[in-house]
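Accompanying notes for the structure given below.
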Amino acid sequence: MRKVYRGRDVEVSFDLDLCVHIGECLRGDTSVFQLDRRPWVLPDAGEAEVVAQVVERCPSGALLYRRLDGGAQESRAGETKVVPVRDGPLLVTGAITVAREDGTVETLPRATLCRCGHSEHKPFCDNKHLAAGFRAPGVPYKIHLSQVRVRLDRPLTKAEDPRRLD
């Protein structure tokens, strides 16, 4: 379920079910994204353009934005691209229309899709490939440890995610 954080110039939404805990948000603009406060996202604490750039680095589509100041929206047009991550999910960019089990349909500009078969949020990755020991070829993906992703060797549960209390 998507939680919306509305600012004056930009609106940011977050869906914990899609998050793969890469932490690009936390490294991108620490005035906007902070785990130790509620709400953890304050869109007005940064420039709308910077907020948009940080959100676009979120590989999973858990973070999305909508410009309210007339600035450019994130493009969902163009070629859809699928990149397998070594021992991990498929990184997909483009216009991605996803039908969920409950029948809802959402179009995302980015997504991390499960390819190990163990995710509890299919078609999305939830990092269960870590516990399953999934191995597959693909491009290396640099994952930085953060307050959200404290270990590389096991998935973070929703209960452990500090953003769950918003």
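Data overview
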read-out	value
Karplus (6.51, -1.76, 1.60) ³J(HN,Hα), θ = phi - 60°, over segment 92-108, in Hz, Gly and Pro reported as x	10, 10, x, 8, 10, 9, 10, 9, 8, 4, 7, x, 6, 10, 9, 9, 10
Kirkwood-based Rg to Rh ratio, segment 26-116, C-alpha trace	1.00
Debye log10 I(q)/I(0) for segment 81-132, one point scatterer per Cα, at q = 0.23, 0.31 Å⁻¹	-0.85, -1.19
For the chain, alpha-carbon Rg and Dmax in angstrom	15.4, 46
Over the chain: helical MRE at 222 nm, DSSP H runs n ≥ 4 each giving -39500 (n - 2.57), nearest 500	-2500 deg cm²/dmol
For Leu68, residues with placed amide H under 5 Å, excluding near neighbours	Val10, Glu11
From phi via Karplus (6.51, -1.76, 1.60), per-residue ³J(HN,Hα) for segment 40-55 in Hz, x at Gly/Pro	6, 10, 10, x, 6, 7, x, 6, 4, 5, 5, 4, 4, 5, 5, 4
Per-pair calculated FRET efficiency, R0 = 30 Å: Arg8 and Val105 via Cβ, rounded to 0.05	0.50
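Since every read-out is calculated from the coordinates, none of them should be taken as a lab result. Source: prediction; values computed, not measured. Methodologically, a virtual Cβ is constructed for each residue, glycine included, from the backbone with ideal geometry; neighbour enumeration extends over all protein chains shown.
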